[in-house]
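Undergrad: This is the structure I have questions about; it appears just below.
The values are calculated or read from the model by the stated rules, or taken from the named source; none is laboratory data. All values reported here derive from a predicted model rather than from experimental measurement. When we count neighbours, we look across all protein chains shown, and the Cβ atoms used for this are built from the backbone with ideal geometry, even at glycine. To get the accessible areas, we keep the full protein, side chains included, count just its heavy atoms, and leave off ligands, DNA and RNA. Shrake-Rupley method; radii C 1.70, N 1.55, O 1.52, S 1.80 Å.
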Amino acid sequence: MEKHLNRGARRRRRAKPFSALFAISAVFFFSGVSGAQQQALTAPGDSAAVDRGQAVLTEQCGFCHGANARGGSGGPDLTRSALVQEDENGKQLGEFLHAGRPDRGMPKFDLPDAQLADLAAFLHAQIYLASNRRLYKILDVLVGDARAGQAFFNGAGKCSACHSPTGDLKGVGSKYDPVALQGRIVYPRRGGVPGSPAYEDKSAVRATITPSSGAAVTGAIVRLTDFEVTIFDAATGQMRSWLRSGDTPKVVVTDPLQAHMDQLMKWTDADMHNMTAYLASLK
């Protein structure tokens, strides 16, 4: 027994150097990663520098990388760049910009150190906000023309074919804030209770099932494949399923919100802004 315990103690003593070495290595590894990306992962401290950096980006880089650095007509998203994420006060960024990438059509930029530091501050702020989306604040979406939105509602948008400002949309501007309202315009299918199944949504996609014998049945789609169809029959409060073989039973799918789905590919920024302004005015 004693010899066995002594062997265990010796094994533990031999393991200590390895454990200590591993711990030291881990500290150096994580501190290295933290040092390289500290600025990109920390909330910006100088808001004035961020604002100046955005101005530099817009003037010098926006034509390729966009006004928010998320990519433009010819340049990639800078917030995803490893070089930008590991930059320290514009040092690595400046070295890159001074050299440029002539082989890829990117010219050299000889920016003063102060502007490089401001540009880095803005880019790091964008990365920080992207990794902490809950901190992002939408300041104002009411930038459209309500009268133009009303004209679109009654005209080209064909919204008045299904909706009415004195009917289902009465007071909608008081029911939703502008941000939520714009979201509902684009994606109105929200469901009744948060976390509830999609088939319980009053606007759920529906299917009419016509079996080879018997009456047709309509309900919200629960499952639809080439081999099976299951619907929720609101009349009975039960699920109903059929095995499919080719076109038997006959299945016809309808979407109450098909007009909204069709409109998704047609919206312009101006139409969306104008519509949001108009609906927000319906108090």
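Undergrad: In the set 183, 149, 100, which member is without any contact (Cβ under 8 Å) to a residue 24 or more places away in the chain and within 26 Å of the chain's Cα centre (by Cα)?
TA: 183
Undergrad: For region 72-98, how many residues meet the condition of being open to solvent by 30 Å² or more (accessible area, probe 1.4 Å) and touching an Asp or Glu at 6+ places or on another chain (Cβ under 6 Å)?
TA: Residues that pass the stated criteria total 0.
Undergrad: Same structure, new question: Test residue 141 against the stated conditions and say whether it is at pLDDT below 95, farther than 30 Å from residue 235 by Cβ and assigned to a loop (DSSP other than H, G, I, E, B).
TA: yes
Undergrad: Hand me the list of helices (runs of 4 or more DSSP H) wholly inside region 54-102 holding 3 or more residues that are in contact with a helix residue (DSSP H, G or I) (Cβ under 7 Å, 6 or more places away or on another chain).
TA: Fully inside region 54-102 and qualifying: 82-85, 91-99.
Undergrad: Residues that are closer than 30 Å to residue 275 by Cβ and loosely packed, with under 13 Cβ neighbours inside 10 Å: does region 199-210 have at least one? I'd like the intermediate steps shown before the answer.
TA: Step one: filter region 199-210 for residues closer than 30 Å to residue 275 by Cβ, giving 199-206.
From the residues that got through so far, the ones that are loosely packed, with under 13 Cβ neighbours inside 10 Å too are 202.
There is at least one residue in region 199-210 that is closer than 30 Å to residue 275 by Cβ and loosely packed, with under 13 Cβ neighbours inside 10 Å.
Undergrad: Take the residues in region 224-263 that are open to solvent by 70 Å² or more (accessible area, probe 1.4 Å) and under 25 Å from the mean Cα position of the chain (by Cα), then tell me which one is modelled with the lowest pLDDT.
TA: 262
Undergrad: Just to be sure I understand, how many residues within region 212-244 are among the acidic types (Asp, Glu) and not in a loop (DSSP other than H, G, I, E, B)? Talk me through it step by step, then tell me what you get.
TA: Filtering region 212-244 down to residues among the acidic types (Asp, Glu) leaves 226, 228, 233.
Remaining after also requiring not in a loop (DSSP other than H, G, I, E, B): 228, 233.
Summing the residues that are among the acidic types (Asp, Glu) and not in a loop (DSSP other than H, G, I, E, B) in region 212-244 gives 2.
Undergrad: Same structure, new question: Answer with yes or no whether residue 157 is of a type outside the set (D, E, K, R), buried (at least 17 other Cβ atoms within 10 Å of the Cβ) and touching a Lys or Arg at 6+ places or on another chain (Cβ under 8 Å).
TA: Judged against the criteria, residue 157 is not a match.
Undergrad: Considering (1) open to solvent by 60 Å² or more (accessible area, probe 1.4 Å); (2) under 20 Å from residue 189 (Cβ atoms), say which one residue 219 fails and leave the rest.
TA: Unmet for residue 219, out of (1) open to solvent by 60 Å² or more (accessible area, probe 1.4 Å); (2) under 20 Å from residue 189 (Cβ atoms): (1).
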